[in-house]
Amino acid sequence: MAEPLALWHADHVVFARLLDLFETQVAAFHAGEQPNYQLMTDIVDYLQQYGDRFHHPREEAAFQRLVARDPDMRLPVNRLLQEHRVIARAGAEMLERLGEIADDVMTERAAVETAAATYLVYYRHHLSTEEGSIMPRAKALLTSDDWAATREAVRDILDPLRGEDFDARYCEMRKYISLHPNRSHEA
């Protein structure tokens, strides 16, 4: 069943675009310019609220079924599961640094840049691995029953960035995504 994989891929494309936007703000910070800290916070917040709490648990349900069908996938899947935890922790660290900036707490520039680099590197590598090796195996091995079980494993939530009832907080991110539709991301 291709629909869940198509949705998974669509999320990855959006995540990659948001990471690009986040990186432009990090580059401004690195250059000593004034980045949009609220936008940076909103991006990481969205990736945590939607990605870490909905998208990743759905993937984990699919991963479990994938390993049951192909035990050789256990090691790469375990790596991805660990990356989910690292990404969540790196996102929390990034939000903490951004919160310090918002609260005018003296924050080392290196701490902000290290948190941002860790978040970007792990998230991008993770997306690339899933797109390049995990999703093709899932497409080949998982059945419609597997995909149905995967959908049922996690309660549906509305993506706060999409649809007519999107969260107004994410307006700038949504605008960026709509203005950059032709960017090709294999995620």
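Bear in mind these aren't lab numbers, they're just calculated from the coordinates by the rules spelled out. Being a predicted model, the structure only gives us computed values, none of them experimental. Here Cβ is always computed from backbone atoms with ideal geometry, including for glycine, and neighbour counts include all displayed protein chains.
In plain terms, the bigger the Kirkwood radius, the slower the diffusion; for the chain, with that radius from Cα pairs, at 4 °C and 1.567 mPa s, Stokes-Einstein puts D at 75 µm²/s. Cα centroid distance between segment 66-130 and segment 134-157, in Å? If you average the Cα positions of each part, the centres end up 24 Å apart.
Note on segment 64-150: percent of Cα-Cα distances in each 5 Å bin, starting at 0 and stopping at the bin with the largest distance, equals 3, 13, 18, 17, 13, 10, 8, 7, 6, 4, 1. Helix 144-153 and the longest principal axis of the Cα set of the chain meet at an angle near 40°. Put simply, when 4-12, 24-32 are sorted by average Cβ atoms within 10 angstrom per residue, most first, you get 4-12, 24-32. Quick one: helix 74-102 against the long Cα principal axis of the chain, what's the angle to the nearest 10°, folded into 0 to 90? So the inclination is approximately 20 degrees. Restricted to Cα atoms, segment 112-161 shows a radius of gyration and a Dmax of 15.3, 44 angstrom. In this Cβ point-charge picture (+1 for Lys and Arg, -1 for Asp and Glu), the chain has a dipole of about 520 debye about its Cα centre. Each peptide in 56-69, 38-51, 135-148, 100-113 gets a packing score, the mean of other Cβ atoms within 10 Å over its residues, and the list from highest to lowest is 38-51, 56-69, 135-148, 100-113. Return one number: the angle in degrees, 0 to 90 and rounded to the nearest 10, between the long axis of the Cα atoms of helix 3-30 and the longest principal axis of the Cα atoms of the chain. Taking Cα atoms only, the helix is inclined about 20 degrees. Per-residue ellipticity at 222 nm computed for the chain from its helices equals -22500 deg cm²/dmol, with DSSP H segments shorter than 4 residues left out and the rest contributing -39,500 (n - 2.57). Dividing the C-alpha radius of gyration of segment 1-61 by 2.2 N^0.38 Å, with N its residue count, gives 1.34.
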